[in-house]
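So the structure is just underneath, and the comments pick up after that.
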Amino acid sequence: MIYFNVTNISLVLRTCLKLNHASKKYSFNINFQRLFGYAPICSRLIHTSKTNGQTQKDGITLLPSPQEVTLILRKNEFNKEFASGSVKSYDSNQLASNDPIEDTRSEGQCKLTPGILMGVFDGHGGPACAQVVSKRLLDYVAAAMLPTDIINTILREPQGALVDTYNDKIELINDLKTIYDNSFKEFLLELARTPRDELNVNTAMEKGILQLDNDLSREVIEPFYNNGVINQKTLSVALSGAVVCVSYINGPHLYVANIGDCNAVLGTLTDDNEWLAKKITKEHNSENFDELKRIWNEHPDDERKTVIRRDRLLGELAPLRSMGDYRYKWSTELLSKVAVPSVGDKAIPANYHTPPYLTAKPDIFYHRLSPKDKFLILASDGLWDMLTPLQAVKLVGEHMKGKVFYNPLKLPKKNIQLGDINELLLHRKESLKSKPKDRNAATHLIRHAIGGTEYGIDHSRLAHLLSLTPDVSRMFRDDITVTIAYFDSEFLRQCPA
């Protein structure tokens, strides 16, 4: 174990990381789930969100050892391999800063159509919205891709979820599950009533996202208008929010839907063995001037100074698009009736004159994969606050080279010559020099994001930052969620142009 005097923590606070106030989604902290004081929306959330490994002994701060740091970093890692298709495998991991963690992630194989869906969801105002969206959105998008005849079959013979998800550790409580099942059935009925000449992935992704966002609102409003009842659970989900980055990969076709400030980055290897980082998404925040112009154009000129203040929507919200966050979408009258009784007057933001101020409409990006495209990184802004896209791509590229050592040596063919075997062994010996500490590339990225320096990993820095209590930790870094999908170059090489 390593011992540090408690005063050393101030050195970390000054030098380890820049203060990252901009990463906080709200300019003030409202956790709607805690505010309402009811049971969580999830009955089961297996992965723990606590990162604090710090203990006290005789006035001395005892920090986690390298082995304990590794246990913390690997706690939520996951890997999945595929036998066919353009995606060979994926690695994922999460590291909390908030307690509970406000990030979620979801991945799954579409059951009735080809393709894999993967999403990263970064919540704010509590974890409720992100948790619910991660449980529901993949099915909404998958449904919007189905032809009408299959939807009619599903309505006659319900089949449950439309996506086989992996590593799903969130279980919604029963009363919410019933509400959500009814909403999804209504969505299927609407799809069945809307004839479509041809299926368009861009349109389907947008429709699924906007419909789910609309349902988050309707599930609060309808019971209120029908019988005067406000369901505090659905209200918590609607008032909290989440930014979203979802990819759909079908053969050589990659689609990414983005809302907010998560990002998708493609790792490409050139003919000269140089790594290139292609940033597919664009953040919806005040650094995106097109977003600022869009918002200014949607509201009167006399609101130009108030609609964006301190680089935030109405001076409060950092992302300029998100799911949920109905404090910025409902009318003042509706907020007064539904939200103010539970939250108080702060439910209505200052200078709130011409809502809605916020949209969940995604930007959809398309990229045709080539054999040079090796992997896709989906991550919440907790990672991108600490690493540039090129740094992340190079780290994953180096990890790909070094992790070869983890796999048992397999001879590529029978009757191989001794000289060829010697060449394989020399290559394996060379890869040992760059063997990464973590087999999971998402863990590798998180380790370098928090503890990396130009000279390598600094254990002291890493241990200190993993030991901070959540109320201090969130001043220095956000929750981090990373998913890395690896592509099969040979499969992509055989795809017709």
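Summary of computed values
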read-out: Conditions (1) in contact with a helix residue (DSSP H, G or I) (Cβ under 9 Å, 6 or more places away or on another chain); (2) crowded, with 24+ Cβ neighbours inside 10 Å; (3) under 23 Å from residue 43 (Cβ atoms); number of the one not met by residue 158; value: (2)
read-out: Selection count, the range 335-377, where residues are under 29 Å from residue 444 (Cβ atoms) and of a type in the set (Ser, Thr, Tyr); value: 2
read-out: Extreme residue, nearest to the chain's Cα centre (by Cα), among residues of the range 326-362 that are surrounded by fewer than 18 Cβ atoms within 10 Å (Cβ to Cβ) and within 30 Å of residue 117 (Cβ to Cβ); value: 361
read-out: Yes/no for residue 188 being farther than 25 Å from residue 362 by Cα, of a type in the set (A, V, I, L, M, F, W, C) and surrounded by 13 or more Cβ atoms within 10 Å (Cβ to Cβ); value: no
read-out: Output for the range 329-340, where each listed residue is part of a helix (DSSP H, G or I) and touching a helix residue (DSSP H, G or I) at 6+ places or on another chain (Cβ under 9 Å); value: 334, 335, 336, 337, 338, 340
read-out: Condition met for residue 130 (farther than 22 Å from residue 240 by Cβ and at pLDDT 95 or above); value: no
read-out: Scope the range 202-220; condition over 30 Å from residue 43 (Cα atoms) and free of Cβ contacts under 8 Å to residues at least 60 places away in the same chain; matching residues; value: 203
read-out: Hits in the range 441-485 (condition: surrounded by 21 or more Cβ atoms within 10 Å (Cβ to Cβ), of a type in the set (Val, Ile, Thr) and part of a helix (DSSP H, G or I)); value: 443, 446, 450
read-out: Those strands (runs of 3 or more DSSP E) lying entirely in the range 64-149 with at least 1 residues closer than 30 Å to residue 31 by Cα and touching a helix residue (DSSP H, G or I) at 6+ places or on another chain (Cβ under 7 Å); value: 87-95, 103-110, 116-124
read-out: Selection from the range 253-282 of residues that are surrounded by 16 or more Cβ atoms within 10 Å (Cβ to Cβ) and free of Cβ contacts under 8 Å to residues at least 12 places away in the same chain; value: none
read-out: Checklist (1) modelled with pLDDT under 95; (2) touching a Cys at 6+ places or on another chain (Cβ under 9 Å); (3) of a type outside the set (Ser, Thr, Tyr) applied to residue 381, failing item; value: (1)
read-out: Some residue of the range 436-456 being of a type outside the set (S, T, N, Q) and modelled with pLDDT under 80; value: no
read-out: Cβ-Cβ under 6 Å pairs, at least 6 apart or on other chains, the range 104-133 side over 19 Å from residue 480 (Cβ atoms), far side among the aromatic types (Phe, Trp, Tyr) and assigned to a strand (DSSP E or B); value: 115/248; 117/248
read-out: Conditions (1) surrounded by fewer than 19 Cβ atoms within 10 Å (Cβ to Cβ); (2) of a type outside the set (S, T, N, Q); (3) closer than 24 Å to residue 105 by Cβ: number failed by residue 149; value: (3)
read-out: Residue that is farthest from residue 373 (Cα to Cα) [pool: residues in the range 237-275 that are of a type in the set (Ser, Thr, Tyr) and not in a strand (DSSP E or B)]; value: 240
read-out: Out of 181, 175, sole residue that is free of Cβ contacts under 8 Å to residues at least 24 places away in the same chain, assigned to a helix (DSSP H, G or I) and of a type outside the set (Ser, Thr, Tyr); value: 181
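The values are calculated or read from the model by the stated rules, or taken from the named source; none is laboratory data. Not measured: the values here are computed from a predicted model. Neighbour counts are summed over all protein chains in view; Cβ atoms, including those assigned to glycine, are modelled from backbone coordinates with ideal geometry.
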